[in-house]
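The numbers here are math on the coordinates, done by the rules we state, and not lab data. Worth saying up front: this structure is predicted, and the values here are computed from it rather than measured. A quick note on method: Cβ atoms are made from the backbone with ideal geometry, for glycine too, and the neighbour counts reach across all protein chains shown.
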Amino acid sequence: KNEVEQSPQNLTAQEGEFITINCSYSVGISALHWLQQHPGGGIVSLFMLSSGKKKHGRLIATINIQEKHSSLHITASHPRDSAVYICAVPNYGGSQGNLIFGKGTKLSVKP
Amino acid sequence: DAMVIQNPRYQVTQFGKPVTLSCSQTLNHNVMYWYQQKSSQAPKLLFHYYDKDFNNEADTPDNFQSRRPNTSFCFLDIRSPGLGDAAMYLCATSRDLGGTGGRQPQHFGDGTRLSIL
């Protein structure tokens, strides 16, 4: 079973700061997901990536398959970015899409 | 917009009184998942449907059942809710064309927060 570790668990930043959240996993995967969950709300899929880097607005996700590590970056952070960010990887070697979730990083961006 | 819709957003039930949560999707995805998420914890997969095939996780309590009458709808039935079943229940969908599994993004609903009195 894949083990997913995220760091940090909690992160407080000032508006405008560059933010990095890290994720490492133990077993090779086909793709990794970054998800966002606002307080009391559902989950939004931010990225799914299998190699290299993806960018969407102020969000950038990178993955290093050899090192089994991924990072999520937020540039020019804003209070509306405050949420829990979750890294997830496939279970069962990637079949049927079941995900194993990290425990999440709770981000709070202060104005 | 195509989406995953969960009803209700908030559900209160009494200890031991059966409750049903619903999920519908307009994405025509063939895989539907139910997750349980307790406070400050990661979501935990309860079961999923791959097309009509039901796949139960080994540690999902017998108290939890699911139905998928058609592609669009999936229900979570809790037969005799206990206090420990209070949680956020998340439905998700994905498209799996075979062998691509985890490479397909999962689309989540907003969740149903279940409280037990």
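Each label was represented as a point 7 Å from its Cα along the Cα-to-Cβ direction; for B:SER39 and B:ALA58 these points are 3.1 nm apart.
Can you sort B:ILE116, A:ILE100, A:ILE86, B:ILE5 from fewest to most other Cβ atoms within 10 Å of each residue's own Cβ?
Details: B:ILE116 19, A:ILE100 23, A:ILE86 26, B:ILE5 13.
Ranked by crowding around the Cβ, least crowded first: B:ILE5, B:ILE116, A:ILE100, A:ILE86.
Using a simple spin-label model with pseudo-atoms 7 Å out from Cα toward Cβ, B:MET3 and B:ASP51 lie 3.0 nm apart.
Hand me the trypsin sites (Lys or Arg not before Pro) from segment B:1-101 located in a DSSP loop with no more than 10 other Cβ atoms within 10 Å, in residue order please.
Values: sites: B:ARG9, B:LYS38, B:LYS44, B:LYS52, B:ARG67, B:ARG79, B:ARG95; in loops: B:ARG9, B:LYS38, B:LYS52, B:ARG79, B:ARG95.
Sparse-neighbourhood loop trypsin sites (Lys or Arg not before Pro): B:LYS52.
Note on the protein assembly as shown: dipole from Cβ charges, positive end direction compared against A:GLY52, B:THR60, B:ILE116; the farthest Cα belongs to A:GLY52. Distance from the Cα centre of segment A:1-72 to that of segment B:51-117, in angstrom? Centre-to-centre (Cα) distance: 24 Å. Normalised by residue number, the volume inside the convex hull of the Cα atoms of segment B:1-51 is 118 Å³ per residue. Shape verdict for chain A, please, from the Cα gyration tensor: rounded (a/c under 1.5), prolate (a/b greater than b/c) or oblate. Since a/c reaches 1.5 and a/b is larger than b/c, the shape of chain A is classed as prolate. Pairs over the 23 Å Cα-Cα cut-off, from the set A:LYS1/B:LYS44; A:LYS106/B:LYS44; A:LYS1/A:LYS106: A:LYS1/A:LYS106. Here the convex hull built on the C-alpha positions of chain B has a volume of 103 cubic angstrom per residue.
At 0.36 nm per residue, minus the direct Cα-Cα distance, what do A:SER26 and A:ASN10 gain on full extension? Give it in nm, one decimal, please.
Details: separation 16, 0.36 × 16 = 5.76 nm, distance 2.19 nm.
Full-extension gain reported as 3.6 nm.
Subtracting the Cα-Cα distance of A:LYS1 and A:GLN66 from their residue separation scaled by 0.36 nm leaves 21.6 nm. Along the axis of the charge dipole computed for segment A:32-103 (Cβ charges of +1 for Lys and Arg, -1 for Asp and Glu, origin at the Cα centre), the listed residues A:PRO90, A:GLY42, A:PRO79 are led at the positive end by A:PRO79. Basic side chains Lys and Arg get +1 at the Cβ, acidic Asp and Glu get -1 at the Cβ, and with that the dipole of chain B about its Cα centre reaches some 180 debye.
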